[in-house]
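Colleague: Quick one: structure below, then a few questions.
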Amino acid sequence: MTAVAYIRMSTCHPLRQIPANHITQQSDRIKAYAKRKGWKIAARYCDRKHDSAECTAFEQMVEDGLQRKFDMVIVDSIFGAGMDLESVKRVLLQAFHHAGISFAVVEDDFASREKSIAEIEAYFQRADLELQKAIIQKRNIEKSQRLQWSDIKYGYRLLDSGELAIDMRTAPIVQRMYQMRLSGKTLSQIASTLNEEGIPGPRGDRKPDSKWKLETIHRILHSTAYVGYWYKTVQGKQVRLELEPIVSKEDYDAVQRICAPSGSDTGSQEKNNLMVSLVVYESSGKVLKTKKNCSGERYFYDKLNWVVGYDRHIPCDVIQRIAVAALENECRLARDMEKLLPEELDIRKQEVLTKLREEMRCQLEYVANALKTENNSRVVLDSEPIFQTFMETANDIEIAFSQKNPWIRLYANLELDSLDSNLAFRHCIEKIEVCRDGRILFVPKEEKWKQLLSQ
């Protein structure tokens, strides 16, 4: 039997990446496959251009096939066997197969020899279904990557191309906010100045009488978008988007240094209240209240207890900095775990399950020995909750060592820029414990799933 190989640079599958050595990889896989099957490759047809319409070698292969110069065509993937799946089906099934020329696909380990027309038709139907799913998925990805109106940042405008460009009407206002903050003005004073001058808030295009709010100014002064980058979640992954900066990195960093994380200049409407009910005293679990001192700085306090190093007064910005740093660390850890390959996660999962099975085996031996000397019904009743716990733990481990892990899903997709939102802050912090010895402990949400991974 005379076999030939067909290789091309492009693919009709929209989600498949084409590596630089794509031709070599295909050739090596086809050679190895033919060797395993005991087939000898007599010739190779190769369309090397990146152009998806390239078909010079493909047409030559069709011409040689109709002249019966070979008996089989081997391709690496059915999606790389021609310009599109329809033309591949027309040649391999409707022309070659009826002429007695078979084909084999390395990727699917599918050979049409001794296959019926119905079986080959079913194979192409499966390939077409996969292709349609990939096309839909690609459209969804492209749609989610395109910027929407909700992605517009104040100071920028959305172009028809789907990109953000500096808005010359509002960008100077952003720059002015930074300069006012650098000159020592509080957020309240900045808001008052803008409102008194009649400058519309961010919704000015739709609501001309919109006012500036403290949280809006705080968000603008803390958004990295104004120094040239921001993050957007696309298909569950964080994507970094670049844009032209409005303020200098030096001014942005200077504002971050002088902006009190606790929002001491913004009254009860600002971030002072972000952690209220989250900060508790370790020994009693009692929620710490907040107050302002004579200089206007807000702090946590407890009348009955006191903490070494703080003397009952813990500045809000201290706990704020610790909380934000802890959240950044959680995000970093979660993203590292998300990058682990499924095979690596499975290996770690099996290690933990092996330890669990060993504990379960020891428990079974104990129950077996107890049944020989004690009342059967009592031993069974006593052991049932233990084995139920084993089963629940095994189920939790299956979830923990997968992309469904709630801790990974929460923190790997968390946008830190959104932490000026009260709801976002509470969404990812279980509590913050203040210890008698001065330690401040951060307890994240979904910690159970993180602990299972740490095993």
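The values are calculated or read from the model by the stated rules, or taken from the named source; none is laboratory data. None of these values were measured; they are calculated from a predicted model. Here the Cβ positions follow ideal geometry from the backbone for every residue, glycine too, while neighbour counts run over all protein chains shown. Side chains included, ligands, DNA and RNA excluded: accessible areas come from the protein's heavy atoms. Shrake-Rupley method; radii C 1.70, N 1.55, O 1.52, S 1.80 Å.
Colleague: In this structure, is residue 73 among the β-branched types (Val, Ile, Thr), at pLDDT 90 or above, under 25 Å from residue 121 (Cβ atoms) and in a helix (DSSP H, G or I)?
Modeller: no
Colleague: Report whether or not residue 62 is closer than 20 Å to residue 29 by Cβ and open to solvent by less than 40 Å² (accessible area, probe 1.4 Å).
Modeller: Judged against the criteria, residue 62 is not a match.
Colleague: Take the conditions at pLDDT 70 or above, on the phi < 0 side of the Ramachandran plot and not in a helix (DSSP H, G or I) and apply them to residue 314. Does it pass?
Modeller: yes
Colleague: State which residue is surrounded by the most Cβ atoms within 10 Å (Cβ to Cβ) when the search covers only segment 150-184 and only residues that are within 15 Å of residue 251 (Cα to Cα) and of a type in the set (S, T, N, Q).
Modeller: Result: 175.
Condition check ((1) without any contact (Cβ under 8 Å) to a residue 40 or more places away in the chain; (2) in a strand (DSSP E or B); (3) of a type in the set (Ser, Thr, Tyr)) across all residues:
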{"residue": "5", "(1), (2), (3)": "no, yes, no"}
{"residue": "16", "(1), (2), (3)": "no, no, no"}
{"residue": "28", "(1), (2), (3)": "yes, no, no"}
{"residue": "33", "(1), (2), (3)": "no, no, yes"}
{"residue": "43", "(1), (2), (3)": "yes, yes, no"}
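Colleague: For residues in segment 185-219 being modelled with pLDDT under 85 and more than 34 Å from the chain's Cα centre (by Cα), which is least open to solvent (accessible area, probe 1.4 Å)?
Modeller: Out of the qualifying residues, it is 210.
Colleague: Also: Just to be sure, is residue 328 closer than 30 Å to residue 288 by Cα and modelled with pLDDT of 75 or more?
Modeller: Yes: the conditions hold for residue 328.
Colleague: Could you check how many residues of segment 149-172 are part of a helix (DSSP H, G or I) and either under 20 Å from residue 221 (Cβ atoms) or modelled with pLDDT of 90 or more (or both)?
Modeller: 3
Colleague: Those residues that are open to solvent by less than 20 Å² (accessible area, probe 1.4 Å) and not in a strand (DSSP E or B), I need them from segment 92-111; list them, please.
Modeller: Listed by number, the residues that qualify are 92, 93, 96, 101.
Colleague: Continuing with the same structure: Out of (1) at pLDDT 75 or above; (2) open to solvent by 50 Å² or more (accessible area, probe 1.4 Å), what's the single condition that is false for residue 388?
Modeller: Going through (1) at pLDDT 75 or above; (2) open to solvent by 50 Å² or more (accessible area, probe 1.4 Å) one by one, residue 388 breaks only (1).
Colleague: While we're looking at this one, here's another question. Taking the condition of being in a helix (DSSP H, G or I), among the hydrophobic types (A, V, I, L, M, F, W, C) and at pLDDT 75 or above, how many residues in segment 405-455 meet it?
Modeller: Residues that pass the stated criteria total 7.
Colleague: Something else about it: Mind listing just one residue for me: the one in segment 112-138 that is of a type in the set (Lys, Arg) and touching a residue at least 40 places away in the same chain (Cβ under 8 Å) and, of those, most open to solvent (accessible area, probe 1.4 Å)?
Modeller: Looking at residues that are of a type in the set (Lys, Arg) and touching a residue at least 40 places away in the same chain (Cβ under 8 Å), I get 113.
Colleague: Would it be correct to say that residue 234 is farther than 23 Å from residue 175 by Cβ and either open to solvent by less than 30 Å² (accessible area, probe 1.4 Å) or modelled with pLDDT of 75 or more (or both)?
Modeller: Considered against the rule, which asks whether it is farther than 23 Å from residue 175 by Cβ and either open to solvent by less than 30 Å² (accessible area, probe 1.4 Å) or modelled with pLDDT of 75 or more (or both), residue 234 comes out as yes.
Colleague: Taking the stated definitions as given, is residue 18 out of contact with any Phe, Trp or Tyr (no Cβ under 6 Å at 6 or more places or on another chain), modelled with pLDDT of 90 or more and not charged (D, E, K, R)?
Modeller: Criteria not met by residue 18.
Colleague: Right, something else. Of (1) open to solvent by 30 Å² or more (accessible area, probe 1.4 Å); (2) within 21 Å of residue 131 (Cα to Cα); (3) of a type outside the set (Lys, Arg), residue 88 satisfies all except one. Which?
Modeller: (1)
Colleague: Quick check on residue 130: is it at pLDDT 85 or above, within 28 Å of the chain's Cα centre (by Cα), on the phi < 0 side of the Ramachandran plot and not in a loop (DSSP other than H, G, I, E, B)?
Modeller: Yes: the conditions hold for residue 130.
Colleague: Now a separate question. Can you tell me which condition residue 52 does not meet? The list is (1) assigned to a helix (DSSP H, G or I); (2) among the hydroxyl-bearing types (Ser, Thr, Tyr); (3) open to solvent by 30 Å² or more (accessible area, probe 1.4 Å), and all the others hold.
Modeller: Checking residue 52 against (1) assigned to a helix (DSSP H, G or I); (2) among the hydroxyl-bearing types (Ser, Thr, Tyr); (3) open to solvent by 30 Å² or more (accessible area, probe 1.4 Å), the one that fails is (1).
Colleague: Looking at residue 44, is it among the charged types (D, E, K, R) and under 40 Å from the mean Cα position of the chain (by Cα)?
Modeller: Taking the combined requirement at face value, the residue does not satisfy it.
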